[in-house]
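Structure first, then comments.
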Amino acid sequence: MLFRSLCPAPEIGANSYLLDTGNSRIVLDAGMHPKREGLDATPRFHEIEDGSIDAAIVTHSHLDHIGTLPLLAHRQPQAKLFFSPAAAELGFAMLHNSVNVMQSKRDELGIDVYPLFSHRELDEIENTIETRPNETPFFLDSQAGVQATFHDAGHVLGSVGVTIEANDHRLLYTGDVNFEPSTLIKGANFPEDPVDTLVIETTRGDSPRPPDYTREAEEYRFAETMAKTLKRGGAVLVPVFAVGKTQEVLTMIHRFKREGLLPARTPVVIGGLSTKMTVIYDRFGNGATRRSDDDFRILSDMDLKAGSRRRNRKRTAIVPEPGTIYCLSSGMMTEKTVSNGFARAGFLENRKNSLLFVGYADPDSPAGHIRAAKAEERIVLDSSHPPVPLRAQMEVFDFSGHATRDDLLDYILKVKPKRTFLVHGDPAASEWFRNELARLLPSTEAIIPEPGRDYELS
Ligand SMILES: [Zn+2]
Ligand SMILES: [Zn+2]
């Protein structure tokens, strides 16, 4: 059995992995790199012989895991595509939005290969996919006897890790995982039996959690910072991923209002894509997934304002209003997204406002640049516009959707893999795990897989 990373580089990016059992070939995830453009942002699908893949699994709806699925389906039309039900709904909504983003990048930045796929192709693919519930084994390839089982990964709604069993070999791929419960969804529910091979994310390997951290204290600090901002006549911007972080932050705000930590009438505004995703989150209440608060419906129970509407087929920009909380995507404030344009249009330079980060931001993204900046520093948010000074209060909170490095390490020690592939992390993050495993579990072979290279699993 062989394992190969199809990522363009060993970091968080276009996640995709190939498993070859000898008589069956499986692809795990088909991501798009968030920082690269065009074909440079895609996995090494050209290195796989056309028509040779039997099945592919998508672990969740974030674009670094699903963003190039249509390219894979185009080269490998015979491959069966497997999802959890919620990941499928959220995922295809993300992909349709991605077509629109690529279209505007083609128009505004002149990237000719965009869009890499069309709405019509997505509709065709969506008609062929298969969804599977968690903890129920199914055949990826019945002829070759390759079985898979999904497990709730606790990262975003519908996210799964997967156990694959073939030739008496058990491999577990975590996808993105969070072992702790968050406000809206429960923590991961992963098996703890021994595995032969573990493929595990390492996102937070380079960022230890402060020893005095508690979720309660962090939530209180978040509520208090928002309350103070509103009181001084400022507005709050929380840049969030449309899937996961938006719904998590909205649920927290709802609770803060109920507990009297925020004025109950504070308007909360969300952006276009987030609204669509929140509708799907609400649809998967009522026991359909392991949500924590099954009866709560974000959109109807919160009376949110949708921040952008189409006028003359052009989106009108959202303008900051004092006393309002804005939860806008994207989380990394990427150019041409709602949160980027909003920050540029008078928000960042107003001292009364506050900009609150709640999750991971790549150091090279606009959000990363703001997080590294000092007050009054001028920041380029969009290369086609002048820089703007950072005068708003800026704070970073740890509500990560990824497991802490200690939780990941504990999990590796429990399942005692013979071989551990360290993926989905910056080099320093994966390296931390390799060193810890050399000390604590010398029986495992800890590997940071070199993209494009085959590793024998025996
Ligand atoms: Zn993710
Ligand atoms: Zn990811």
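What are the residues in the stretch 204-232 that are within 30 Å of Asn134 (Cα to Cα) and within 16 Å of ligand 2 (Cβ to nearest atom), if any?
Arg204, Gly205
For the stretch 78-93, state whether one or more residues are touching a residue at least 24 places away in the same chain (Cβ under 8 Å), surrounded by fewer than 24 Cβ atoms within 10 Å (Cβ to Cβ), of a type outside the set (A, V, I, L, M) and part of a loop (DSSP other than H, G, I, E, B).
Yes; the residues of the stretch 78-93 include at least one that is touching a residue at least 24 places away in the same chain (Cβ under 8 Å), surrounded by fewer than 24 Cβ atoms within 10 Å (Cβ to Cβ), of a type outside the set (A, V, I, L, M) and part of a loop (DSSP other than H, G, I, E, B).
State all residues of the stretch 193-203 that are touching a Phe, Trp or Tyr at 6+ places or on another chain (Cβ under 8 Å) and either more than 16 Å from ligand 2 (Cβ to nearest atom) or in a loop (DSSP other than H, G, I, E, B) (or both); if no residue qualifies, say none.
Listed by number, the residues that qualify are Thr197, Leu198, Thr202, Thr203.
State which residue is nearest to ligand 1 (Cβ to nearest atom) when the search covers only the stretch 7-38 and only residues that are of a type in the set (Asp, Glu) and surrounded by fewer than 22 Cβ atoms within 10 Å (Cβ to Cβ).
Taking the candidates together, the pick is Glu11.
Restricting attention to the stretch 21-39, which residues are away from ligand 2 (no atom under 16 Å from the Cβ) and either in a loop (DSSP other than H, G, I, E, B) or without any contact (Cβ under 8 Å) to a residue 40 or more places away in the chain (or both)?
If the condition is that a residue be away from ligand 2 (no atom under 16 Å from the Cβ) and either in a loop (DSSP other than H, G, I, E, B) or without any contact (Cβ under 8 Å) to a residue 40 or more places away in the chain (or both), then Thr21, Gly22, Asn23, Ser24, Arg25, Glu37 are the ones that fit.
Which residues, taken from the stretch 133-185, are closer than 24 Å to Val423 by Cβ, outside any strand (DSSP E or B), within 16 Å of ligand 1 (Cβ to nearest atom) and not polar (S, T, N, Q)?
Ala153, Gly154, His155, Val156, Leu157, Gly158, Gly175, Asp176, Val177, Phe179, Glu180
List pairs: first residue in the stretch 162-188 and within 18 Å of Tyr455 (Cβ to Cβ), second residue of a type in the set (Gly, Ala, Ser) and within 16 Å of ligand 1 (Cβ to nearest atom) anywhere in the structure, Cβ distance under 9 angstrom, at least six positions apart or on different chains.
Correct list of pairs: Leu172/Gly161; Tyr173/Gly161; Thr174/Ala153; Thr174/Gly161; Thr174/Ala188; Thr174/Ala403.
Exactly one condition in (1) of a type in the set (A, V, I, L, M, F, W, C); (2) assigned to a loop (DSSP other than H, G, I, E, B); (3) without any contact (Cβ under 8 Å) to a residue 24 or more places away in the chain is false for Val99; which is it?
That leaves (2) as the condition not met.
Based on this model, can you work out whether Ser142 counts as among the polar types (S, T, N, Q) and within 16 Å of ligand 2 (Cβ to nearest atom)?
No; evaluated as a whole, the condition is false for this residue.
Which number in (1) closer than 30 Å to Tyr360 by Cβ; (2) modelled with pLDDT under 95; (3) loosely packed, with under 14 Cβ neighbours inside 10 Å marks the one condition that His46 misses?
For His46, the failing item is (2).
What do you reckon, is Val199 within 16 Å of ligand 1 (Cβ to nearest atom) and within 22 Å of Leu90 (Cα to Cα)?
no
Under the condition of being under 15 Å from the mean Cα position of the chain (by Cα) and under 17 Å from Ala148 (Cβ atoms), which residue from the stretch 42-65 is farthest from ligand 1 (Cβ to nearest atom)?
Selected residue: Val58.
Give me the pairs, please: first residue somewhere in the stretch 190-208 and under 16 Å from Pro427 (Cβ atoms), second residue anywhere and assigned to a loop (DSSP other than H, G, I, E, B) and small (Gly, Ala, Ser), beta-carbon distance under 6 Å, and either six or more positions apart or on two chains.
Short answer, once both residue conditions are applied: Thr202/Gly425; Thr203/Gly425; Gly205/Gly425.
The values are calculated or read from the model by the stated rules, or taken from the named source; none is laboratory data. This one's a predicted model, so the numbers in the text were calculated from it and none came from an experiment. Cβ coordinates were reconstructed from backbone atoms using ideal geometry, including for glycine residues, and neighbour counts include every protein chain displayed.
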